[in-house]
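Some notes on the structure that comes next.
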Amino acid sequence: MPWTDVDAIMLQVGRVHYGWTDTESLLIHLIAGLAGTAKDTAVIIFLTPNTTRARIDLIEPLSKLAGRDPAERDRVLALTRRLLGLSGLRNRYNHGIYSCDPDAGAPRTIQMRIADRRDAIKVGQTELLDAEACAQIDAAIASLQELSREVWALIADRGYPA
C-alpha cells in the first residue's frame, strides 16, 4: 500500500469513530422509549454505564419486559445485536495504535490489549492496513449508517422521545 494512503485510512477510521458515536447516542432514545421516561432522564441513564455493552445490557431486558409488544422487542434486539456485531472492528481501530513507519513495512494496527491465554499472555497483536482492511472499514461505515437510519425509524414508529 502506498504511504500516501495512510492519511486516507486515518480519515476512514475517523468516520468509523464518528458513525459509532452517532449511532450509539441513539440508544438514549431507546432507553427513553422502553423505560417510559423523558429524554433528559434517559441521558443520565445512558451516561451511567460507560460501555456500549453495558448500555445494551440495560436496553435488552427493558425490551423483554412482560407486556411489551413482541414486534417492538424483536426489532430492538435485532438492532442492538447488529451494533454489538460491529463493535469488534470499531474496537480494533479505536483502541489500537498505528505503525506508519515506511522503513518498517506496510502500515498496521497494534492492539492495545492483553490476551490472557492458558499458559501465556499476548500483547500487541498486529494487523495490516491493507486493501482488505480498508474494505472492512468501508463496509462498517455503511453498516453504521444503515443501522442509524433503522434506529431512527424505530424511534419514529414507536413514538419514543426524540
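Bear in mind these aren't lab numbers, they're just calculated from the coordinates by the rules spelled out. Owing to the predicted nature of the structure, the values given are computational and were not obtained by experimental measurement. Positions of Cβ are backbone-derived with ideal geometry, glycine not excepted, and every protein chain shown enters the neighbour counts.
See the values below:
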read-out: Spin-label proximity, Ser25 to region 31-70 - amide N less than 17 Å from point 7 Å beyond Cα toward beta carbon; value: 31-32, 39-48, 51-52
read-out: Cut-off 19 Å (backbone N to label point 7 Å along Cα→Cβ of Ala71), residues of region 144-162; value: 150-161
read-out: Expected 222 nm ellipticity per residue - DSSP helices of 4 or more, -39500 (n - 2.57), all of the chain, to 500; value: -21500 deg cm²/dmol
read-out: Structure-derived Rg and Dmax of the Cα atoms in Å: which label, when the choices are (i) 17.2, 58; (ii) 18.6, 62; (iii) 15.4, 47; value: (ii)
read-out: Shape category assigned to region 35-81 from the gyration tensor of Cα positions, a/c cut at 1.5; value: oblate
read-out: Percentage relative contact order, region 1-130, counting C-alpha pairs under 8 Å, at least six apart; value: 19 percent
read-out: Footprinting exposure proxy for Val6, Val151, Val13 (fewest neighbouring C-beta atoms within 10 Å first); value: Val6, Val13, Val151
read-out: Gain upon complete extension [Ala139, Ile114; 0.36 nm per residue less C-alpha separation]; value: 6.3 nm
read-out: Cβ-placed point charges (K, R +1; D, E -1), dipole of the chain about Cα centre in debye, nearest 20; value: 640 debye
read-out: Asp130-Ala38 pseudo-label distance in nm [points 7 Å out on the Cα-to-Cβ vector]; value: 5.5 nm
